[in-house]
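The values are calculated or read from the model by the stated rules, or taken from the named source; none is laboratory data. Keep in mind the model is a prediction, meaning the values are calculated, not measured. Positions of Cβ are generated from backbone atoms using ideal geometry, with glycine treated the same way; all protein chains shown enter the neighbour counts. Side chains are part of the model used for accessible areas, which takes the heavy atoms of the whole protein and leaves out ligands, DNA and RNA. Shrake-Rupley method; radii C 1.70, N 1.55, O 1.52, S 1.80 Å.
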Amino acid sequence: MNVTTGLDAHESEECAADLHERYARTRRMVAELAVRHGRKPEEVRIVAVSKYQPAAAVATLAEAGQRDFGENYVQEALAKQREIRRPDLRWHFLGRLQRNKAKYLPGNFILFHGLDNAVLALDLHERFQAKSQVLDVLIQVNLGDERQKGGIAPEELSNLVEHVGGLSGLALRGLMALPPFELDLAHKQRLFSELRKLRDAVRRQTGLALPELSMGTTDDFPQAIAEGATMVRIGTRIFGERPTRVAS
Ligand SMILES: *Cc1c(COP(=O)(O)O)cnc(C)c1O
(Lines give C-alpha, C1' and ligand atoms only; values in the text may rest on other atoms or scores of the structure.)
Protein backbone atom coordinates (compact mmCIF):
# COMPACT_ATOMS: atom_id res chain seq x y z
CA MET A 1 0.00 0.00 0.00
CA ASN A 2 2.69 2.43 -1.00
CA VAL A 3 0.48 4.23 -3.48
CA THR A 4 1.04 7.68 -1.96
CA THR A 5 4.82 7.58 -2.05
CA GLY A 6 6.27 9.98 -4.54
CA LEU A 7 3.59 12.59 -3.99
CA ASP A 8 4.94 15.89 -2.81
CA ALA A 9 3.00 17.96 -0.29
CA HIS A 10 1.40 20.14 -2.94
CA GLU A 11 0.14 17.19 -4.93
CA SER A 12 -1.33 15.51 -1.88
CA GLU A 13 -3.17 18.70 -0.97
CA GLU A 14 -4.64 18.72 -4.44
CA CYS A 15 -5.64 15.09 -4.00
CA ALA A 16 -7.32 15.86 -0.70
CA ALA A 17 -9.25 18.76 -2.29
CA ASP A 18 -10.43 16.48 -5.11
CA LEU A 19 -11.45 13.86 -2.62
CA HIS A 20 -13.44 16.37 -0.58
CA GLU A 21 -15.14 17.59 -3.72
CA ARG A 22 -16.07 14.11 -4.97
CA TYR A 23 -17.28 13.12 -1.51
CA ALA A 24 -19.44 16.23 -1.12
CA ARG A 25 -20.96 15.70 -4.56
CA THR A 26 -21.69 12.05 -3.83
CA ARG A 27 -23.34 12.89 -0.52
CA ARG A 28 -25.50 15.51 -2.16
CA MET A 29 -26.60 13.08 -4.85
CA VAL A 30 -27.41 10.31 -2.39
CA ALA A 31 -29.39 12.73 -0.21
CA GLU A 32 -31.31 14.12 -3.21
CA LEU A 33 -32.13 10.64 -4.47
CA ALA A 34 -33.30 9.54 -1.03
CA VAL A 35 -35.66 12.50 -0.81
CA ARG A 36 -36.88 12.00 -4.38
CA HIS A 37 -37.89 8.47 -3.41
CA GLY A 38 -39.72 9.50 -0.30
CA ARG A 39 -37.05 8.89 2.33
CA LYS A 40 -34.91 10.95 4.63
CA PRO A 41 -31.29 11.53 3.58
CA GLU A 42 -30.05 9.73 6.71
CA GLU A 43 -32.05 6.64 5.74
CA VAL A 44 -29.55 5.87 3.00
CA ARG A 45 -26.09 5.33 4.42
CA ILE A 46 -22.97 5.63 2.30
CA VAL A 47 -20.38 2.93 2.88
CA ALA A 48 -17.19 4.36 1.36
CA VAL A 49 -15.43 1.39 -0.25
CA SER A 50 -11.75 1.94 0.43
CA LYS A 51 -10.21 -1.31 -0.85
CA TYR A 52 -6.76 -0.69 -2.38
CA GLN A 53 -6.97 2.95 -1.32
CA PRO A 54 -4.28 4.31 0.98
CA ALA A 55 -4.94 4.95 4.65
CA ALA A 56 -4.30 8.66 4.05
CA ALA A 57 -7.36 8.87 1.80
CA VAL A 58 -9.52 7.16 4.41
CA ALA A 59 -8.22 9.57 7.06
CA THR A 60 -9.05 12.54 4.82
CA LEU A 61 -12.61 11.31 4.34
CA ALA A 62 -12.97 10.67 8.06
CA GLU A 63 -12.04 14.29 8.68
CA ALA A 64 -14.74 15.29 6.21
CA GLY A 65 -17.28 13.41 8.32
CA GLN A 66 -17.48 9.95 6.75
CA ARG A 67 -17.70 7.14 9.31
CA ASP A 68 -18.61 3.95 7.41
CA PHE A 69 -15.87 2.30 5.37
CA GLY A 70 -16.01 -0.94 3.39
CA GLU A 71 -13.07 -3.27 2.83
CA ASN A 72 -12.75 -6.58 0.99
CA TYR A 73 -9.44 -7.90 2.33
CA VAL A 74 -8.92 -8.53 6.03
CA GLN A 75 -5.17 -7.89 6.23
CA GLU A 76 -5.40 -4.70 4.22
CA ALA A 77 -8.26 -3.43 6.37
CA LEU A 78 -6.52 -4.22 9.64
CA ALA A 79 -3.35 -2.46 8.48
CA LYS A 80 -5.39 0.67 7.71
CA GLN A 81 -7.23 0.49 11.00
CA ARG A 82 -3.90 0.33 12.84
CA GLU A 83 -2.54 3.24 10.85
CA ILE A 84 -5.57 5.51 11.19
CA ARG A 85 -6.48 4.72 14.79
CA ARG A 86 -9.91 6.25 14.90
CA PRO A 87 -12.21 4.23 17.11
CA ASP A 88 -15.17 6.22 15.78
CA LEU A 89 -14.93 4.67 12.30
CA ARG A 90 -17.27 1.83 11.42
CA TRP A 91 -15.62 -0.84 9.28
CA HIS A 92 -17.73 -3.09 7.07
CA PHE A 93 -16.46 -6.32 5.58
CA LEU A 94 -17.62 -6.76 1.98
CA GLY A 95 -17.83 -9.84 -0.17
CA ARG A 96 -16.00 -13.09 0.01
CA LEU A 97 -14.47 -14.02 3.37
CA GLN A 98 -12.07 -16.93 3.47
CA ARG A 99 -12.83 -19.25 6.37
CA ASN A 100 -9.36 -18.90 7.82
CA LYS A 101 -9.93 -15.13 8.12
CA ALA A 102 -13.11 -15.39 10.18
CA LYS A 103 -11.10 -15.07 13.38
CA TYR A 104 -10.14 -11.49 12.51
CA LEU A 105 -13.68 -10.17 12.37
CA PRO A 106 -14.55 -9.88 16.10
CA GLY A 107 -13.76 -6.41 17.35
CA ASN A 108 -12.68 -5.17 13.92
CA PHE A 109 -15.82 -5.06 11.74
CA ILE A 110 -19.37 -4.02 12.57
CA LEU A 111 -21.21 -5.58 9.63
CA PHE A 112 -20.51 -8.41 7.21
CA HIS A 113 -22.07 -7.82 3.77
CA GLY A 114 -21.67 -11.19 2.09
CA LEU A 115 -22.72 -14.18 4.16
CA ASP A 116 -23.65 -16.88 1.65
CA ASN A 117 -23.18 -20.28 3.19
CA ALA A 118 -24.01 -22.26 6.29
CA VAL A 119 -20.46 -23.41 7.04
CA LEU A 120 -19.12 -19.85 7.18
CA ALA A 121 -22.13 -18.83 9.28
CA LEU A 122 -21.29 -21.51 11.83
CA ASP A 123 -17.61 -20.51 11.90
CA LEU A 124 -18.45 -16.86 12.46
CA HIS A 125 -21.02 -17.74 15.10
CA GLU A 126 -18.40 -19.74 17.04
CA ARG A 127 -15.82 -16.95 16.78
CA PHE A 128 -18.22 -14.32 18.04
CA GLN A 129 -19.91 -16.44 20.66
CA ALA A 130 -16.52 -17.29 22.17
CA LYS A 131 -16.02 -13.56 22.75
CA SER A 132 -19.58 -12.96 23.91
CA GLN A 133 -20.08 -10.76 20.85
CA VAL A 134 -22.64 -10.73 18.08
CA LEU A 135 -21.83 -10.04 14.43
CA ASP A 136 -24.44 -8.22 12.34
CA VAL A 137 -24.67 -9.89 8.94
CA LEU A 138 -26.30 -9.39 5.57
CA ILE A 139 -26.93 -12.42 3.41
CA GLN A 140 -25.66 -11.97 -0.13
CA VAL A 141 -28.11 -13.14 -2.75
CA ASN A 142 -26.93 -14.09 -6.21
CA LEU A 143 -29.57 -12.52 -8.43
CA GLY A 144 -27.73 -12.34 -11.72
CA ASP A 145 -26.47 -15.93 -11.52
CA GLU A 146 -22.90 -14.75 -11.80
CA ARG A 147 -21.12 -17.59 -10.09
CA GLN A 148 -17.75 -16.09 -9.34
CA LYS A 149 -19.18 -13.13 -7.43
CA GLY A 150 -20.61 -15.22 -4.61
CA GLY A 151 -24.04 -15.07 -3.09
CA ILE A 152 -26.67 -17.69 -2.39
CA ALA A 153 -29.36 -18.65 -4.92
CA PRO A 154 -32.76 -17.10 -4.11
CA GLU A 155 -34.30 -20.59 -3.70
CA GLU A 156 -31.82 -21.36 -0.92
CA LEU A 157 -32.35 -18.15 1.01
CA SER A 158 -35.04 -19.45 3.38
CA ASN A 159 -32.82 -22.31 4.53
CA LEU A 160 -29.86 -20.06 5.26
CA VAL A 161 -32.06 -17.55 7.08
CA GLU A 162 -33.38 -20.35 9.25
CA HIS A 163 -29.86 -21.63 9.94
CA VAL A 164 -28.59 -18.15 10.90
CA GLY A 165 -31.64 -17.70 13.12
CA GLY A 166 -30.37 -20.57 15.27
CA LEU A 167 -26.92 -19.02 15.79
CA SER A 168 -26.65 -16.67 18.76
CA GLY A 169 -23.34 -15.20 17.56
CA LEU A 170 -24.98 -13.75 14.44
CA ALA A 171 -27.75 -11.20 13.97
CA LEU A 172 -29.32 -11.09 10.53
CA ARG A 173 -29.93 -7.47 9.55
CA GLY A 174 -30.94 -7.79 5.91
CA LEU A 175 -29.78 -8.66 2.41
CA MET A 176 -27.03 -7.60 0.05
CA ALA A 177 -26.48 -7.96 -3.70
CA LEU A 178 -23.85 -7.14 -6.29
CA PRO A 179 -25.33 -7.67 -9.77
CA PRO A 180 -22.96 -8.50 -12.64
CA PHE A 181 -21.40 -5.20 -13.62
CA GLU A 182 -21.99 -5.66 -17.34
CA LEU A 183 -25.78 -5.61 -17.08
CA ASP A 184 -27.56 -2.47 -18.21
CA LEU A 185 -29.03 -0.17 -15.58
CA ALA A 186 -32.66 -1.11 -16.22
CA HIS A 187 -31.78 -4.76 -15.72
CA LYS A 188 -29.87 -3.97 -12.52
CA GLN A 189 -32.81 -2.00 -11.23
CA ARG A 190 -35.07 -5.01 -11.74
CA LEU A 191 -32.61 -7.13 -9.75
CA PHE A 192 -32.58 -4.57 -6.92
CA SER A 193 -36.35 -4.65 -6.91
CA GLU A 194 -36.18 -8.44 -6.73
CA LEU A 195 -33.88 -8.23 -3.72
CA ARG A 196 -36.33 -5.97 -1.92
CA LYS A 197 -39.20 -8.36 -2.67
CA LEU A 198 -37.16 -11.29 -1.38
CA ARG A 199 -36.44 -9.32 1.80
CA ASP A 200 -40.15 -8.54 2.19
CA ALA A 201 -41.04 -12.21 1.71
CA VAL A 202 -38.51 -13.37 4.32
CA ARG A 203 -39.84 -10.70 6.65
CA ARG A 204 -43.36 -12.06 6.32
CA GLN A 205 -42.18 -15.63 6.79
CA THR A 206 -40.04 -15.01 9.84
CA GLY A 207 -41.26 -11.82 11.48
CA LEU A 208 -37.66 -10.55 11.50
CA ALA A 209 -37.27 -6.79 10.95
CA LEU A 210 -34.49 -7.10 8.33
CA PRO A 211 -34.13 -3.33 7.95
CA GLU A 212 -31.06 -3.27 5.72
CA LEU A 213 -30.75 -3.56 1.96
CA SER A 214 -27.13 -3.14 0.88
CA MET A 215 -27.16 -2.57 -2.86
CA GLY A 216 -25.76 -0.11 -5.37
CA THR A 217 -22.18 0.90 -6.24
CA THR A 218 -20.63 3.76 -8.21
CA ASP A 219 -22.41 2.70 -11.40
CA ASP A 220 -25.87 1.90 -10.15
CA PHE A 221 -26.56 3.53 -6.78
CA PRO A 222 -29.37 5.74 -8.17
CA GLN A 223 -31.25 2.60 -9.29
CA ALA A 224 -30.57 0.94 -5.93
CA ILE A 225 -31.88 3.92 -3.96
CA ALA A 226 -34.99 3.98 -6.15
CA GLU A 227 -35.62 0.37 -5.09
CA GLY A 228 -35.12 0.91 -1.38
CA ALA A 229 -31.38 0.59 -0.65
CA THR A 230 -30.50 1.56 2.92
CA MET A 231 -26.76 1.23 2.27
CA VAL A 232 -24.94 2.07 -0.93
CA ARG A 233 -21.36 0.84 -1.27
CA ILE A 234 -19.50 3.47 -3.23
CA GLY A 235 -15.79 3.32 -4.02
CA THR A 236 -14.63 4.79 -7.31
CA ARG A 237 -17.01 7.75 -7.37
CA ILE A 238 -15.65 8.96 -4.04
CA PHE A 239 -11.99 7.95 -4.13
CA GLY A 240 -11.37 8.05 -7.88
CA GLU A 241 -10.00 5.08 -9.81
CA ARG A 242 -8.68 2.30 -7.59
CA PRO A 243 -4.93 1.79 -7.60
CA THR A 244 -4.11 -1.71 -8.79
CA ARG A 245 -3.66 -4.13 -5.99
CA VAL A 246 -0.43 -3.94 -4.05
CA ALA A 247 0.61 -7.33 -2.70
CA SER A 248 0.61 -7.40 1.08
C1 LIG B 1 -15.41 -2.83 -4.71
C2 LIG B 1 -16.79 -3.02 -4.28
C3 LIG B 1 -17.71 -1.97 -4.30
C4 LIG B 1 -17.39 -0.57 -4.81
O5 LIG B 1 -17.38 -0.52 -6.20
P6 LIG B 1 -17.23 0.89 -6.97
O7 LIG B 1 -17.61 0.55 -8.36
O8 LIG B 1 -15.80 1.31 -6.84
O9 LIG B 1 -18.15 1.85 -6.32
C10 LIG B 1 -18.99 -2.22 -3.81
N11 LIG B 1 -19.35 -3.42 -3.33
C12 LIG B 1 -18.49 -4.46 -3.30
C13 LIG B 1 -18.93 -5.76 -2.75
C14 LIG B 1 -17.20 -4.29 -3.77
O15 LIG B 1 -16.36 -5.33 -3.76
key: Hits in segment 154-197 (condition: under 22 Å from Val232 (Cα atoms), open to solvent by 10 Å² or more (accessible area, probe 1.4 Å) and small (Gly, Ala, Ser))   = Ala171, Ala186, Ser193
key: Failed criterion for Glu21 (all others in (1) part of a helix (DSSP H, G or I); (2) out of contact with any helix residue (DSSP H, G or I) (no Cβ under 6 Å at 6 or more places or on another chain); (3) surrounded by 15 or more Cβ atoms within 10 Å (Cβ to Cβ) hold)   = (3)
message = Going residue by residue through segment 236-247, is there one that turns out to be under 19 Å from Ile139 (Cα atoms), in contact (Cβ under 8 Å) with a residue 12 or more places away in the chain and crowded, with 22+ Cβ neighbours inside 10 Å?
response = no
message = Please go through (1) touching a strand residue (DSSP E or B) at 6+ places or on another chain (Cβ under 8 Å); (2) among the aliphatic types (A, V, I, L, M); (3) within 16 Å of the ligand (Cβ to nearest atom) for Leu183 and return the number of the only condition it doesn't satisfy.
response = (1)
ask   = Residue check, Asp200 against (1) of a type outside the set (A, V, I, L, M, F, W, C); (2) without any contact (Cβ under 8 Å) to a residue 24 or more places away in the chain; (3) surrounded by 15 or more Cβ atoms within 10 Å (Cβ to Cβ), all met but one. Which one?
value = (3)
Of all residues in segment 207-248 being of a type in the set (Val, Ile, Thr) and more than 14 Å from Ser50 (Cβ to Cβ), the one that is nearest to the chain's Cα centre (by Cα) = Val232
message = Restricting to segment 43-53, and then to whatever is in contact with a helix residue (DSSP H, G or I) (Cβ under 8 Å, 6 or more places away or on another chain) and not β-branched (Val, Ile, Thr), can you tell me which residue is most open to solvent (accessible area, probe 1.4 Å)?
response = Glu43
inquiry  = Here's a check for you: in segment 213-226, which residue that is away from the ligand (no atom under 12 Å from the Cβ) and surrounded by fewer than 21 Cβ atoms within 10 Å (Cβ to Cβ) is farthest from Arg22 (Cα to Cα)?
reply    = Ala226
request  = Starting from segment 34-51, take each residue that is over 15 Å from Glu212 (Cβ atoms) and list its partners that are open to solvent by less than 60 Å² (accessible area, probe 1.4 Å) and assigned to a loop (DSSP other than H, G, I, E, B), counting only C-beta distances under 6 angstrom and pairs at least six apart or across chains.
outcome  = Ala48/Gln66; Val49/Gly235; Lys51/Asn72
Checking Arg86 against (1) part of a loop (DSSP other than H, G, I, E, B); (2) at negative phi; (3) within 16 Å of the ligand (Cβ to nearest atom), the condition it does not meet = (3)
inquiry  = For the list (1) open to solvent by less than 10 Å² (accessible area, probe 1.4 Å); (2) without any contact (Cβ under 8 Å) to a residue 24 or more places away in the chain, I need the number of the one condition that Ser132 fails.
reply    = (1)
task = Output yes when any residue across segment 117-125 is at pLDDT 95 or above, touching a strand residue (DSSP E or B) at 6+ places or on another chain (Cβ under 6 Å) and within 14 Å of the ligand (Cβ to nearest atom), and no when none is.
result = no
